[in-house]
Amino acid sequence: MAPSAADGTGGPMGGPPLPAVTPAPVLPPPSSPAPARRTPTPRASTRTGPVPAPPAWLPPGPDSPDADGVPDPQSVYDRLRTPDRCAEVLRTVPAAPDTDEWRVLRALAHGCLAVQGKSGSWEEARREHVALAGRADTCKARAAYEVLGGLLEFHRRHPAATVRLAPAPEGEPACAYGIAAVDAGGDGTARPGEAVAVELRGTFADHAELLGHGRVSVGGVDAEGPPTALSAAGDRLVLSVVVPALTAAPGTAVDVRVRYGGTEAVLENAFTVAAAPASAEPSVTASTGSAPPQ
């Protein structure tokens, strides 16, 4: 009788026995890799430190009345005292200035715009600052040059910074306007009708305007007509003033005042009123009653 497959020892009916099958081991599921640690990306710091204080701006003039309405360095300086008008001033100043006053104002307008991030040329400002060293001969030009130097120093210390400029508070003016001296001759006396020389210092306005629109008084009495110029240099002007008819008695010291707009210069006891010249006595020939010789 043939072996039976049912006993588990035989192969297919009539065939060789099957080999034993060993079950495959059950492996645990692979473990998930640990997540990689992310290195934080360095971020640029947004901290820029304290904003530097803006440099000082132009001091008061005093302001020129600008009676003729024609731009001149004195009145343009007054406009430039408002930093928001720097672009306007740059358009007003001649492109090729012919005086040192115009040149320093043009350079300052460039620096004003540059430090506020509104265009302007640092190179122009720097070049003119070097070229004009020691050449400013008016009080407003000297003040403008000093402020220009402050802007350049600010830019040197903070080359990437921009700041908003603010008008300077009222304080010490750029020009110490006043009467330096009155020359009434060697004895310091003058009488009505005679001319005295009045020397002004720290003039804050265009000289032509001051001569045309200024007024001089002597001993409280206005001189007739505007003064005339004897000489001028920088911010000094010498006037020739004719002494008007005075109520002051001879021997009285009188004040001299020079006014332009709302600004007045005064020199007290400027000179002494001289006595009027003695009248010449008419010559009298005594009569003898005799007939003239034949």
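The values are calculated or read from the model by the stated rules, or taken from the named source; none is laboratory data. It should be emphasised that the depicted structure is a prediction, and the values quoted were computed from it without experimental measurement. With ideal geometry, Cβ positions are generated from the backbone for all residues, glycine too; neighbour counts draw on all protein chains shown. Surface accessibility is based on the protein's heavy atoms, side chains included, excluding ligands, DNA and RNA. Shrake-Rupley method; radii C 1.70, N 1.55, O 1.52, S 1.80 Å.
Being more than 28 Å from D98 (Cβ to Cβ) and within 15 Å of the chain's Cα centre (by Cα) is the requirement here; does P159 meet it? Answer is no for this residue.
If you check R156, R164, which single one turns out to be of a type in the set (K, R), assigned to a loop (DSSP other than H, G, I, E, B) and either touching a residue at least 60 places away in the same chain (Cβ under 8 Å) or out of contact with any strand residue (DSSP E or B) (no Cβ under 9 Å at 6 or more places or on another chain) (or both)?
Details: R156 fails: assigned to a loop (DSSP other than H, G, I, E, B).
Step by step, each of R156, R164 is checked, and only R164 is of a type in the set (K, R), assigned to a loop (DSSP other than H, G, I, E, B) and either touching a residue at least 60 places away in the same chain (Cβ under 8 Å) or out of contact with any strand residue (DSSP E or B) (no Cβ under 9 Å at 6 or more places or on another chain) (or both).
Taking the criterion of being open to solvent by 70 Å² or more (accessible area, probe 1.4 Å) and more than 31 Å from the chain's Cα centre (by Cα), the residues of segment 209-225 that qualify are G220, D222, E224. Return the only residue of D137, D98, D183 being under 19 Å from L237 (Cβ atoms) and without any contact (Cβ under 8 Å) to a residue 24 or more places away in the chain. Being under 19 Å from L237 (Cβ atoms) and without any contact (Cβ under 8 Å) to a residue 24 or more places away in the chain holds for just one of D137, D98, D183, which is D183.
Checked against (1) within 30 Å of L267 (Cα to Cα); (2) among the β-branched types (V, I, T); (3) under 11 Å from the mean Cα position of the chain (by Cα), T138 passes all but condition (3). Screening D183 on (1) among the charged types (D, E, K, R); (2) crowded, with 18+ Cβ neighbours inside 10 Å; (3) more than 20 Å from the chain's Cα centre (by Cα) shows it passes everything except condition (2). Residue pairs whose Cβ atoms lie under 8 Å apart, sitting 6 or more positions apart in sequence or on different chains, and linking a residue in segment 199-215 that is in contact (Cβ under 8 Å) with a residue 24 or more places away in the chain and part of a loop (DSSP other than H, G, I, E, B) to a partner that is surrounded by fewer than 21 Cβ atoms within 10 Å (Cβ to Cβ) and of a type in the set (G, A, S), are G202/A176; G202/G178; A205/G261.
Exactly one residue among A278, A270 is at pLDDT below 95 and among the hydrophobic types (A, V, I, L, M, F, W, C), and that residue is A278. Out of the residues in segment 152-180 meeting the condition of being touching a Cys at 6+ places or on another chain (Cβ under 9 Å) and among the aliphatic types (A, V, I, L, M), tell me which one is least open to solvent (accessible area, probe 1.4 Å). Only one residue fits best here, namely L165.
Taken over segment 237-266, the criterion of being surrounded by fewer than 17 Cβ atoms within 10 Å (Cβ to Cβ), touching a residue at least 40 places away in the same chain (Cβ under 8 Å) and charged (D, E, K, R) is satisfied by R259 alone.
Of the residues screened, H110 is not one that is closer than 21 Å to H155 by Cβ and open to solvent by 40 Å² or more (accessible area, probe 1.4 Å).
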